[in-house]
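So the structure is just underneath, and the comments pick up after that.
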Amino acid sequence: MTSPENQSLSALLKKHNLRPDKNLGQNFLTDPSILDNIVDAAEVKSQDTVLEIGAGLGHLTRHLAVSAKQVVAVELDKRLISILEQNLQSFSNIRIVQGDILQLNPRDLVAEDNYLVVANIPYYITSSIIRNLLESRVKPKRIILTIQHEVAQRVCAVSGQMSVLALSVLMYGEPILLRRIPAEAFYPPPKVDSAIIRIDLYPEPILPAEKRELFFKLVKAGFLHKRKTIRNSLSTGLKWTPEKTENLLSAAEINPQRRAETLSLSEWLEVTGQYDKIKKS
């Protein structure tokens with residue numbers, strides 16, 4: 001059964017002769033209880049500036065504006081801007097920005113550090129947006145994302161199920177999967193369920209920039225061939241002999257017959273720490 005909120009949204013789109021754009025991955029979230037969950041998860045306070053990515057028709061924007069000092073709502077779809085302006089005109093603390101978040105500089109959007117990011121983002125650009133936020137020179141203190149449930153599980157993976165994405169997030173902060181959202185809560189409903197995740201960023205990444213570059217070089221090499229052992233995959237990725245790679249793994253006290261997804265963050269950090277010694281040997 002279609003919810004009253006989705007019926008109202010459908011009528012609004014019809015009024016403006018619009019349809020959700022599949023190419024932009026538009027699935028609008030209107031359930032008031034879930035919108036409240038997102039705001040609660042972000043712990044939005046009256047002194048906070050919130051950068052919202054993918055404002056859509058302003059349902060989440062409105063909930064955020066009730067609690068925040070300011071909401072900077074970024075929306076890519078030019079068709080929705082006039083609707084946003086009409087729907088949110090009663091709020092003086094909302095700034096609407098039309099543009100692609102991947103092409104925008106957060107410093108141009110928010111005036112101070114320690115801002116929050118809240119977003120219901122299209123599945124196909126989830127990794128790009130997460131990477132863009134984590135690597136930004138002006139980082140948020142907290143990120144709340146509504147993303148595909150399967151991707152949320154990968155981001156918040158435990159040891160034994162690691163991925164490049166999970167390790168990338170762990171380098172910058174601590175992720176947690178908060179709740180699953182059924183597909184029926186969106187309009188139009190996607191083919192899969194979604195989830196809310198929260199990432200609390202550290203004041204600084206675990207490794208400095210030069211070591212971080214090496215860390216990701218090693219991680220990407222390790223996951224180059226997921227079905228291979230970590231020794232064979234690293235050997236291929238680094239263009240090292242299996243013997244030299246085995247020396248690296250032995251120095252880090254890692255069984256070379258393991259696979260990349262079984263290595264924890266601390267083990268990858270140990271591999272990174274041993275790399276220069278073995279490379280010179």
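Laboratory data are not the source of any read-out in this text; all were calculated from the coordinates shown. Predicted model only: the values in this text are computed from it and were never measured. Here Cβ is always computed from backbone atoms with ideal geometry, including for glycine, and neighbour counts include all displayed protein chains.
Under 5 Å from the amide H of SER194 lie the amide H atoms of HIS149, ILE181, ALA183, each residue being 5 or more positions distant or on a separate chain, with H modelled from the backbone and absent for Pro and chain starts. Residues VAL74, VAL66, VAL118, VAL169, arranged from fewest to most other Cβ atoms within 10 angstrom of their Cβ, appear as VAL66, VAL74, VAL169, VAL118. Counting only Cα atoms, the range 33-150 measures 34, 31, 30 Å along its principal axes, largest extent leading. Using only Cα atoms and rounding to the nearest 10 degrees, what angle (0 to 90) does helix 126-135 make with the longest principal axis of the chain? So the inclination is approximately 70 degrees. When each pair of different Cα atoms in the chain is counted once in the 1/r mean, what is the Kirkwood radius in angstroms, to one decimal? 20.3 Å is the Kirkwood radius here. Against the chain, whose longest principal axis is taken from its Cα atoms, helix 265-280 shows a tilt of about 40°.
Across the range 169-183, computed HN-Hα scalar couplings (Karplus, 6.51 cos²θ - 1.76 cosθ + 1.60, θ = phi - 60°) run 5, 5, 5, 10, x, 10, x, 8, 8, 8, 6, 8, 10, x, 4 Hz from first to last residue, x flagging Gly and Pro.
The GluC sites (Glu not before Pro) of the range 163-258 that DSSP puts in a loop, and whose beta carbon has at most 15 other beta carbons within 10 Å, are GLU253. In this structure, the amide hydrogen of VAL97, modeled 1.01 Å from its nitrogen in the peptide plane, lies closer than 5 angstrom to those of ALA73, VAL74, GLU75, counting only residues at least 5 positions away or on a different chain. Of the listed pairs LYS211/LYS239; LYS139/LYS220; LYS14/LYS191; LYS141/LYS228, which have alpha-carbon separations greater than 29 Å here? From the list (LYS211/LYS239; LYS139/LYS220; LYS14/LYS191; LYS141/LYS228), the Cα-Cα distance tops 29 Å for LYS141/LYS228.
Normalising the Debye intensity of the range 209-280 to I(0), with uniform scatterers on Cα atoms only, and taking log10 at q = 0.25 Å⁻¹ returns -1.18. As a length-normalised measure over Cα pairs under 8 Å and 6 or more apart, the relative contact order of the range 46-170 settles at 23 percent.
Among LYS45, LYS139, LYS280, which comes first, then next, by fewest other beta-carbon atoms within 10 Å?
In order of increasing Cβ crowding within 10 Å: LYS280, LYS45, LYS139.
Placing +1 on the Cβ of every Lys and Arg and -1 on the Cβ of every Asp and Glu, with no other charges, gives the chain a dipole of roughly 900 debye about its Cα centre. A dipole drawn for the range 142-281 from +1 and -1 charges on Cβ atoms has a positive end, and of PRO205, PHE186, HIS225 the residue lying farthest that way is HIS225.
Using a cutoff of 8 angstrom between alpha carbon atoms and counting only pairs six or more residues apart, the relative contact order for the chain works out to 15 percent. Of all aspartates and glutamates in the structure, those lying under 13 Å Cα to Cα from LYS22, and not within fewer than 8 positions of it along the same chain, are ASP77. Can you work out the PRE-style zone for LEU207? Point 7 Å along Cα to Cβ, and I want the residues of the range 216-235 with backbone N under 12 Å. The answer is 216-222. For the chain, the longest principal axis of the C-alpha atoms and the axis of helix 32-42 are separated by about 50°. At a Förster distance of 22 Å, what's the computed FRET efficiency of ARG107 paired with LYS45, Cβ-Cβ distance as r, to 0.05? E between ARG107 and LYS45, to the nearest 0.05, is 0.50. According to the square roots a ≥ b ≥ c of the eigenvalues of the Cα gyration tensor, what is the shape class of the range 75-225, taking rounded for a/c under 1.5, prolate for a/b larger than b/c otherwise, and oblate for the remainder? Note, shape of the range 75-225 comes out oblate. For ILE83, neighbours were defined as the other residues whose beta-carbon sits under 14 Å from its Cβ, and their charges (Lys and Arg +1, Asp and Glu -1) total +2. Using a Debye calculation, one point per C-alpha and no hydration shell, please list log10 I(q)/I(0) for the range 152-220 at q = 0.14 Å⁻¹ in order. Listed by q, the Debye log ratios stand at -0.54. Placing a label point 7 Å from the Cα of ASP276 along the Cα-to-Cβ direction, the residues of the range 209-249 with a backbone N closer than 14 Å are 209-215.
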